[in-house]
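Structure first, commentary second.
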Amino acid sequence: MQRIFLKGIKGGTGCTAIVANLACVLKKSGVHVIAVDLDPKSDLGLHFGLPWKNTQGWSDAENFNDILTCFYQDSDGIIFLPHGEKTPSNTALNELIDNCNKLDNVQNAWVLFDCPSHIDISNYTLHKDDIVIELVNCDAVCHSLIYRRLQKLKKTENSWHHFFLVNRYNSSSELEFDLFSLWQSTLPLMAPFFINSDEVIKESTAYRNVALNCAPYSIANDDFETLAGWLVSKTAL
Amino acid sequence: MISFKALHKHPFQNTFRLVLSLLFSEKLVRLILFKFHGYFNQHRMNAIEALLMPFLIIVSSLFVKISVHKRNIRESISVNYPHLRQPYRNHPYSNSIRFILQSVFLTFVKKTTKKRATKEKISHHFYDSVNRLFRQFRWFDLKLGKLLRRILSKSKKKPKQSAFYSIADARVWQNKYVKYIVIAFILFLLTIFITIPFSLEAQAIFISFILLVAYSLKRIKGQMATIVMITLSVTTSSRYLWWRYTETLNWDDPLALALGAGLLLAETYAWLVLILGFFQTINPLERKPIPLPRNTDLWPTVDVYIPTYNEPLSVVKPTTLAALSIDWPEDKLNVYILDDGKRPEFADFAKEVGVGYLTRPDNNHAKAGNMNSAMRYTHGEYIAIFDCDHVPARSFLQTTMGQFLKDSKVCLVQTPHHFFSADPFERNLNNHSQIPNENMLFYGLIQDGNDMWDATFFCGSCAVLKREALDNIGGFAFETVTEDAHTALRMQRAGYKTAYINIPQAAGLATDSLSAHIGQRIRWARGMAQIFRLDNPLMGKGLSIPQRLCYINAMLHFLSGIPRIVFLTAPLALIYFNAYIIYAPFLAIFIYVVPTLIQIKATNSRIQGKYRYSFWGEVYESVLAWYILKPTTVALFNPNKGKFNVTEKGGLNDEEHYDWGISKPYLILLAINLLGIVFGVLRLIFGDPSQIGVLVISMGWALYNMIILGAAVAVAAEARQVRHSHRIKANFPAGIRLANGHTLKVRITDYSDNGVGIETEHAHLCRVNDKIELLMSRGDKQFSFTTHVCNTRNKQIGLTLKDLSLEKQRAFIQCTFSRADAWLDWQNNFRHDRPSYSFKEVQKTSLRGFSNLLFHAPRPLQPTIKLLTRLVMYINSFIPKKPIVQNNYD
């Protein structure tokens, strides 16, 4: 079982959409994917076509057996777990993550966690093989936040693989181009690629679908494929 | 019955009817009147014709059965008389002549179905036996090929090592005496094969045996077979030459002797070039790049020189920007524009992009002087040189510099000159990237062959030189107009090694008009002749024998002017002056000349097939022959005359035009060859019958010359060149972001310095003038360019880049021109030569040349030519034609 935690370095970096699209790419390339929403906003389901009225999720359940009834499957075959309405405690959160290990009924399933940006990554109990991807946008705030995070990461012992990935990159913006060039040449832990800014990611949620299904000829589609391929190569190490 | 009232109404018609009814029955009267109305109203005959026509039909029906439907008659006329002019009525006289001629033709020639059947049977029988014969021949051929393959593969034990090395490095050679004995023995054998006079029959058997071996070698790959082919060619050609010298000079006829001696000298020249060419290309080295050390501290400093004189900034800009983006440590790469034009806008540009700008007070010694002067101001250990229109790829130094680091004696690494625009030959003949162009042979094969003998030529651009070596020989040689070749020669004399890497690492513009192209070749030819005189590679010290031979071959190549003209006129000696320039019986000529030529052509096609198609070399040479004749001769006698002329590039031909000035010599040659053939035909008819054989051979030769000259003439029709910047074919992925924020994956299909052609995977919705962001990647960086759609077609979009900032221009060059893989596939696009196909192409080109000639003829001549062509076409229209064959399946 491969666990991947995706988290925005701040709110609104487009993390949930990435989780949904990554799940879709992986599923399409034959990997069993389980997407788990750890964010109290509970909006991951919307990307998979879950109606907004449906608010039930794992946080509402009493025990893990109840949680098992909360899983959904979308038309592509992706299994996902919505968050629900309550705000769980830290222990409940970690309990769920641990319990997810039990879900490994199929060999080599991947579990993608959509983590909220306000909970620090150190609050989760992480293993050696886990991959944490922090999403950043190319702007000045993220620039500062990245340096802050890197300092923090340097201080603490962390055993997991940590990466930063640029989302919504628009190379025609001079600031974004310069910042990204700077990060690429100076920062460690940068993923060697980026997700292009694309209108279709916004539009696809309006279609209650993922970008991958809406615009197979977009570069965003390629970007997600690159991301998936890169992750596979990382897990193989 | 006719009432009188009606008579009163249509007096004429009714009177007529009345008269008719006295003679014919009522039915016939109605028919006649009906026909009359039809002819008069529908066929627009005049009244008398229309009146007489029905009677004519009635009368002729007494003799001929007119039961066939009219449409069938019309059909059978159009089938059997396909060339009658329509409408038939408008050409009564000419059509009647055609009709008569065709009828005569049909009555005598038209085959009945029965006859055809027997004929088919006979022809079937014939083809069957031919097929059987062919099959037997194939079987024999196959066995022979297998046998040879077995023999040859036995001698090649190590498949990895080239056959050449397995011979050259054999242990036998270590013993001095064995070496000399073997060489002496081989020479002895060769001498015997070449000099022993054979009777005609023996020669025929000998040559057919050689041809047979050569033919069966055709299908065997590998170098050993090539070496065998070369040996055979050397033997046959030397034998031929020996025969020419000893037996074919007519000592009794001074005119024939003089002309024959001229031809013989030309043939000797050709033989020399052939043998040296074989030597030069026997084992092309095909050097591979050597990786650089990981530690970039060990990498040397490199100065990039971009010499320019009068080229516009738009040409120099991409080169400079691309030179700046060559992958090399920034502190070890210095780019300099060496401006002999001393233009302030160049200085500004250099300052803006941060490259050095060097000028000098005078302009002595042209390019060599310019670079020598620059060497006083720069201090890099190595100097890379790019002509200002050669855009380097980012990998240029990575590919080349390894050679220097591996061997400190290496002073020059040359890479091929690749041209992304069509050269005048390609453009005017419209065969760009279909037929290998003129300089493909040199950069694809000859340079690699030279490299084997450590005699790589320096070609003035796309090369790296070691500064230390240059300092040793006193800078770039400036005594000749080809400073490049001379510089390399000097460095080689000083004991330095040279290297060639056949990977295109830069690309530039080809010359844009035939006259400019010829001008450039004249300069090279003159320079070579100058070197020959001033610093003869045969003399002087420091060079090895192979190096001398390679240089001599290169120089001989540029002396091809006189021999080529001799070959183009030689057959006329016999036709016009009855001078036996090859004084031998017809059969002897046939047995010696034709097989030798076939053998040589086959060998050359095998060696050069990928880089030069058969017969095209002659076309290229013929175009240049006249023009390099004078400068080389002058330079041979007075090497210091003449000045450096700059090759002009990057221009436009606004109009399609014909360069009469350039093609004048060929027109004259063409005219005398044509006259010669006409004269030959007359002599065939009225002359001495004993001469028919020689005459036919001479006329065949003259005809061949005419084909070659026709192709040469075709080149002179300058095609229109519309684009200001050349489009370069490409195929790599990119992306676009539309104005509405959507992105699309695309492939770049072509690009130029201000535009890009892309292809989407699906039909797109872009419209002209839409603004589109083009996203291109270089390494892990993505660059975005604002573009406008200038044209769209189904899946294709043409984009123009407008007003890019300098930074963006640089990024654009990095993403396109200076991609490491931008020029890699240039040599792989061509399939191996097939001589027959190639000859057909030359023929086609030649025909086009002739039609061009008529089409572009000067205005006062135009009416005459039009009249003549019309006349020919008119006469042609009278010649009986084959009936149209129709498929009647019923």
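The values are calculated or read from the model by the stated rules, or taken from the named source; none is laboratory data. As the structure is a prediction and not an experimental result, all values here were calculated from the model. Cβ atoms come from the backbone with ideal geometry, glycine included; neighbour counts cover every protein chain shown. Heavy atoms of the whole protein, side chains included, go into the accessibility calculation; ligands, DNA and RNA do not. Shrake-Rupley method; radii C 1.70, N 1.55, O 1.52, S 1.80 Å.
Picking from B:580, B:576, B:551, which residue would you name as being in contact with a Leu (Cβ under 8 Å, 6 or more places away or on another chain) and open to solvent by 50 Å² or more (accessible area, probe 1.4 Å)?
Result: B:580 is the single residue among B:580, B:576, B:551 that is in contact with a Leu (Cβ under 8 Å, 6 or more places away or on another chain) and open to solvent by 50 Å² or more (accessible area, probe 1.4 Å).
Residues that are open to solvent by less than 40 Å² (accessible area, probe 1.4 Å), at pLDDT below 85, part of a loop (DSSP other than H, G, I, E, B) and within 18 Å of residue B:528 (Cβ to Cβ): does the range B:634-646 have at least one?
yes
Anything in the range A:202-222 that is buried (at least 16 other Cβ atoms within 10 Å of the Cβ) and not in a helix (DSSP H, G or I)? List them, or say none.
Within the range A:202-222, A:209, A:210, A:215, A:217, A:218 meet the criteria.
Could you check residue A:86 against (1) away from every other protein chain (no Cβ under 14 Å); (2) farther than 20 Å from residue A:229 by Cα; (3) open to solvent by less than 70 Å² (accessible area, probe 1.4 Å); (4) of a type outside the set (S, T, N, Q) and say which number it fails?
Just one mismatch for residue A:86, condition (3).
Of everything in the range B:792-805 that's away from chain A (no Cβ under 14 Å) and more than 34 Å from the chain's Cα centre (by Cα), which residue is farthest from residue B:740 (Cα to Cα)?
Among those residues, the one meeting the criterion is B:803.
Does residue B:705 meet the test of being touching a residue at least 40 places away in the same chain (Cβ under 8 Å) and more than 14 Å from chain A (Cβ to nearest Cβ)?
In short, yes.
State whether the residues of the range B:784-791 include one that is more than 14 Å from chain A (Cβ to nearest Cβ), within 31 Å of the chain's Cα centre (by Cα) and open to solvent by 30 Å² or more (accessible area, probe 1.4 Å).
No, that holds for no residue.
Yes or no: residue B:562 assigned to a helix (DSSP H, G or I), open to solvent by less than 20 Å² (accessible area, probe 1.4 Å) and hydrophobic (A, V, I, L, M, F, W, C)?
Taking the combined requirement at face value, the residue does not satisfy it.
Can you spot a residue in the range B:14-23 that is at pLDDT below 85 and either outside the structural domain of residue B:89 (by TED's automatic domain parsing) or in a loop (DSSP other than H, G, I, E, B) (or both)?
no
Give me the residue from the range A:159-171 that is at the interface with chain B (Cβ under 10 Å from one of its Cβ atoms) and open to solvent by less than 10 Å² (accessible area, probe 1.4 Å) and, out of that set, nearest to residue A:196 (Cα to Cα).
Applying the filter and picking the extreme gives A:169.
Name the residue, out of A:225, A:174, A:199, that is open to solvent by 70 Å² or more (accessible area, probe 1.4 Å) and either within 18 Å of residue B:773 (Cα to Cα) or within 10 Å of another protein chain (Cβ to nearest Cβ) (or both).
A:174 is the lone residue from the list that is open to solvent by 70 Å² or more (accessible area, probe 1.4 Å) and either within 18 Å of residue B:773 (Cα to Cα) or within 10 Å of another protein chain (Cβ to nearest Cβ) (or both).
How many residues are surrounded by fewer than 10 Cβ atoms within 10 Å (Cβ to Cβ) and hydroxyl-bearing (Ser, Thr, Tyr) when one looks only at the range A:146-158?
Counting residues in the range A:146-158 that are surrounded by fewer than 10 Cβ atoms within 10 Å (Cβ to Cβ) and hydroxyl-bearing (Ser, Thr, Tyr) gives 1.
Please indicate, with yes or no, whether at least one residue in the range B:461-468 is in a helix (DSSP H, G or I) and under 14 Å from residue B:409 (Cβ atoms).
Within the range B:461-468, one or more residues are in a helix (DSSP H, G or I) and under 14 Å from residue B:409 (Cβ atoms).
All but one of (1) out of contact with any Pro (no Cβ under 8 Å at 6 or more places or on another chain); (2) in contact (Cβ under 8 Å) with a residue 40 or more places away in the chain hold for residue B:269; which doesn't?
Just one mismatch for residue B:269, condition (1).
Output the number of the condition that residue A:143 fails; it satisfies all remaining conditions of (1) farther than 30 Å from residue A:27 by Cα; (2) of a type outside the set (Gly, Ala, Ser); (3) within 11 Å of another protein chain (Cβ to nearest Cβ); (4) surrounded by fewer than 19 Cβ atoms within 10 Å (Cβ to Cβ).
(3)
Quick check on the range B:759-781: of everything there that is in contact with a Cys (Cβ under 8 Å, 6 or more places away or on another chain) and within 11 Å of chain A (Cβ to nearest Cβ), which residue is farthest from residue B:802 (Cα to Cα)?
Only one residue tops the list, namely B:777.
What residue, of B:472, B:450, is within 29 Å of the chain's Cα centre (by Cα) and either closer than 30 Å to residue B:712 by Cβ or open to solvent by 10 Å² or more (accessible area, probe 1.4 Å) (or both)?
That would be B:450, the only listed residue that is within 29 Å of the chain's Cα centre (by Cα) and either closer than 30 Å to residue B:712 by Cβ or open to solvent by 10 Å² or more (accessible area, probe 1.4 Å) (or both).
Can you pull out the residues in the range B:367-393 that are surrounded by 22 or more Cβ atoms within 10 Å (Cβ to Cβ) and charged (D, E, K, R)?
Residues satisfying the conditions are B:367, B:387, B:389.
Between residues in the range B:724-747 that are at the interface with another protein chain (Cβ under 8 Å from one of its Cβ atoms) and residues that are part of a loop (DSSP other than H, G, I, E, B) and buried (at least 16 other Cβ atoms within 10 Å of the Cβ), which pairs lie under 6 Å by C-beta distance while being six or more apart or on different chains?
Short answer, once both residue conditions are applied: B:743/A:198; B:743/A:218; B:744/A:217; B:745/A:217.
Out of all the residues in the range B:540-549, is one or more under 29 Å from the mean Cα position of the chain (by Cα) and not acidic (Asp, Glu)?
yes
Quick test for you: out of B:241, B:285, B:257, B:272, pick the one residue that is touching an Asp or Glu at 6+ places or on another chain (Cβ under 7 Å) and part of a helix (DSSP H, G or I).
B:241
Given the criteria away from every other protein chain (no Cβ under 14 Å), part of a helix (DSSP H, G or I), open to solvent by less than 70 Å² (accessible area, probe 1.4 Å) and more than 16 Å from residue A:196 (Cβ to Cβ), does residue B:818 qualify?
no
Tell me, yes or no, whether the range B:505-515 has at least one residue that is among the charged types (D, E, K, R) and in a helix (DSSP H, G or I).
Within the range B:505-515, not a single residue is among the charged types (D, E, K, R) and in a helix (DSSP H, G or I).
Restricted to the range A:177-196, and to residues that are outside any helix (DSSP H, G or I) and away from chain B (no Cβ under 11 Å), which residue is surrounded by the most Cβ atoms within 10 Å (Cβ to Cβ)?
Only one residue tops the list, namely A:189.
Here's the yes/no breakdown for (1) assigned to a helix (DSSP H, G or I); (2) farther than 17 Å from residue B:440 by Cα; (3) touching a residue at least 40 places away in the same chain (Cβ under 8 Å):
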| residue | (1), (2), (3) |
| --- | --- |
| B:388 | no, yes, yes |
| B:394 | no, yes, yes |
| B:398 | yes, yes, yes |
| B:401 | yes, yes, yes |
| B:404 | yes, yes, yes |
| B:412 | no, yes, yes |
| B:421 | no, no, yes |
| B:427 | yes, no, yes |
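Identify the single condition in (1) surrounded by fewer than 22 Cβ atoms within 10 Å (Cβ to Cβ); (2) not in a loop (DSSP other than H, G, I, E, B) that residue B:435 does not satisfy, given that it satisfies every other one.
(2)
Could you name every one of the helices (runs of 4 or more DSSP H) located completely within the range B:307-376 that has at least 3 residues being without any contact (Cβ under 8 Å) to a residue 40 or more places away in the chain?
In the range B:307-376, the matching helices (runs of 4 or more DSSP H) lie at B:344-353.
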